[in-house]
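See below for the structure under consideration.
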Amino acid sequence: VFKLLRAPDIGKKPFVIRKEQDIATCAGKLHTLAPVFDTSCVTGEGLDLLRKMLFSLPKRRRHENKRNRPFEFLVEDIFNVPGVGSVVSGFVNAGELSVGANSHVFVGPTDDGTFLKTVAKSAHIARINTGHITSGQSACLALSLSKDLRKKLRRGMVVLRNSPTSTREFDAEICVLKGEGTTIRRSYQAYVHILNVRQSAFAKNIEIINNNVLGLTPSHGPPLGDDDDGIVLRPGSRAKVRFEFAKRPEYIRPGMRMLFRDGRVRGVGIITGVPESTDAAQ
């Protein structure tokens with residue numbers, strides 16, 4: 001393990017934790033140190049130090065800073081509860097919502113890109129009824145929908161309070177992580193993950209970012225006298241790409257992180273723009 005941590009690809013220095021003071025020393029230097037614990041599941045030795053280290057780790061995301069943003073609820077699953085109606089479970093990604101008879105929300109987008117206007121009747125957190133949900137919480141929302149509208153619900157939707165928009169196209173800055181033997185060019189299709197959105201998308205346009213700075217070979221760019229169809233992306237390439245969803249519009253906004261995969265190919269990126277974002281309230 002020590003040899004693996006010291007490898008050039010990782011570049012971490014192993015740091016053996018033997019007492020509580022070592023936890024405080026290592027917690028502020030996790031970018032260079034790798035804490036190592038000697039534990040035993042038989043005697044329980046070292047488990048207390050491991051728990052204290054886990055609880056002292058800094059948070060990766062500060063959801064309390066998103067409370068002032070517009071309400072955004074990511075739908076992860078759908079239920080039909082007898083006597084209650086449609087219930088959606090998911091994660092409150094931003095904002096706050098007080099449920100009740102006057103809590104009007106939009107859920108969507110549907111297959112045609114529109115949003116359904118409804119009422120969030122009640123909410124549950126860990127099977128406990130609550131009247132208020134805020135960013136960073138996993139919750140369930142009971143929606144007031146007719147039987148015909150219930151059939152339009154699906155995973156990957158969002159619940160918003162205002163300004164619902166949907167789009168088929170989006171711009172992203174991507175980086176190809178792996179994919180030996182595979183070339184990416186215009187019309188390349190991959191399976192895209194954007195938060196709770198999962199759908200196939202294909203590349204409509206590709207533009208190389210800082211080709212010379214990255215030291216990429218000339219094969220990554222278009223040949224002389226050729227058009228954009230000659231641009232080829234391989235592992236290590238960075239590019240601006242305009243994607244188009246293959247099946248239906250989705251709710252996308254700038255700043256969202258994305259991941260795409262296709263066979264051996266893996267890549268990551270960030271949404272930089274939505275060219276055709278229109279009001280989709282119904």
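Side notes on the structure shown:
- Among 156, 41, 187 - extreme Cα towards positive end, dipole of the chain, charges at beta-carbon: 41
- One decimal place: the segment residue 21-residue 183 gains 53.2 nm when fully extended, by the rule 0.36 nm per residue minus the C-alpha distance.
- Highest mean first, the peptides 35-48, 239-252 sorted by other C-beta atoms within 10 Å per residue fall in the order 239-252, 35-48.
- Residue 199 versus residue 32: modelled label distance in nm, points set 7 Å from Cα along the beta carbon direction: 4.7 nm
- A viscosity of 0.890 mPa s and a temperature of 25 °C, combined with the Kirkwood radius over Cα pairs in Stokes-Einstein, give a translational diffusion coefficient for the stretch 44-90 of 164 µm²/s.
- Projecting label points 7 angstrom from Cα along Cα→Cβ for residue 175 and residue 102 puts them 4.9 nm apart.
- Report note on the peptides 167-176, 72-81: ranked by the mean count of other C-beta atoms within 10 Å, highest first, their order is 167-176, 72-81.
- Projecting the Cα atoms of 139, 176, 268 onto the charge dipole of the chain, computed from C-beta unit charges around the Cα centre, puts 139 farthest toward the positive end.
- Answer label for P(r) over Cα pairs in 5 Å bins from 0, in percent (calculated), chosen among [x] 1, 5, 9, 12, 14, 15, 14, 12, 8, 5, 3, 1, 0, 0; [y] 1, 5, 12, 17, 20, 19, 15, 8, 3, 1, 0, 0; [z] 1, 5, 10, 12, 11, 11, 11, 11, 11, 9, 6, 2, 0, 0, 0: [z]
- One decimal place: the segment residue 266-residue 3 gains 92.0 nm when fully extended, by the rule 0.36 nm per residue minus the C-alpha distance.
- In range of the label at residue 47: residues from the stretch 8-34 whose backbone nitrogen is under 19 Å from the point 7 Å along Cα→Cβ: 17-20
- The coefficient of translational diffusion for the stretch 16-136, derived via Stokes-Einstein from the alpha carbon Kirkwood radius under 4 °C and 1.567 mPa s, stands at 71 µm²/s.
- Ligands, DNA and RNA are left out, and with a 1.4 angstrom probe the accessible area of the stretch 1-107 is 67 Å² per residue.
- Calculated from backbone phi, Karplus (6.51, -1.76, 1.60) coupling profile of the stretch 101-113 in Hz, x at Gly/Pro: 5, 9, 8, 8, 9, 10, 10, x, x, 7, 5, 9, x
- Working note: Karplus 6.51/-1.76/1.60 with θ = phi - 60° gives the stretch 154-166 the couplings 7, 5, x, 6, 10, 10, 10, 8, 8, 6, x, 9, 9 Hz, where Gly and Pro are set to x.
- Net charge over other residues, Cβ less than 9 angstrom from the Cβ of residue 155 (K, R count +1; D, E count -1): 0
- Relative to the Cα centre, the charge distribution of the chain, modelled as +1 at Lys and Arg Cβ and -1 at Asp and Glu Cβ, gives a dipole magnitude of about 720 debye.
- R0 of 35 Å, Cβ-Cβ distance residue 61-residue 127: FRET efficiency to nearest 0.05: 0.90
- Cα gyration tensor, the stretch 120-188 - rounded (a/c under 1.5), prolate or oblate: prolate
- Theoretical FRET efficiency, 1/(1+(r/R0)^6), r = Cβ-Cβ of residue 54 and residue 246, R0 45 Å, to 0.05: 0.65
- Fraction of accessible area attributable to carbon and sulfur, the chain (%, probe 1.4 Å): 50 percent
- When the chain is treated as a Gaussian network with alpha carbon springs shorter than 10 Å, the biggest mean-square fluctuation among 144, 187, 56 belongs to 56.
- Listed residues 54, 104, 92: farthest to the positive end of the dipole of the stretch 29-169 (Cβ charges): 104
- Rg/Rg_ref, the stretch 66-134, where Rg_ref = 2.2 N^0.38 Å and atoms are Cα: 1.11
The values are calculated or read from the model by the stated rules, or taken from the named source; none is laboratory data. Everything numeric here is computed off the predicted structure, so don't read it as measured data. Positions of Cβ are generated from backbone atoms using ideal geometry, with glycine treated the same way; all protein chains shown enter the neighbour counts. When the accessible area is computed, the model is the full protein with side chains, heavy atoms only, and any ligands, DNA or RNA have been set aside. Shrake-Rupley method; radii C 1.70, N 1.55, O 1.52, S 1.80 Å.
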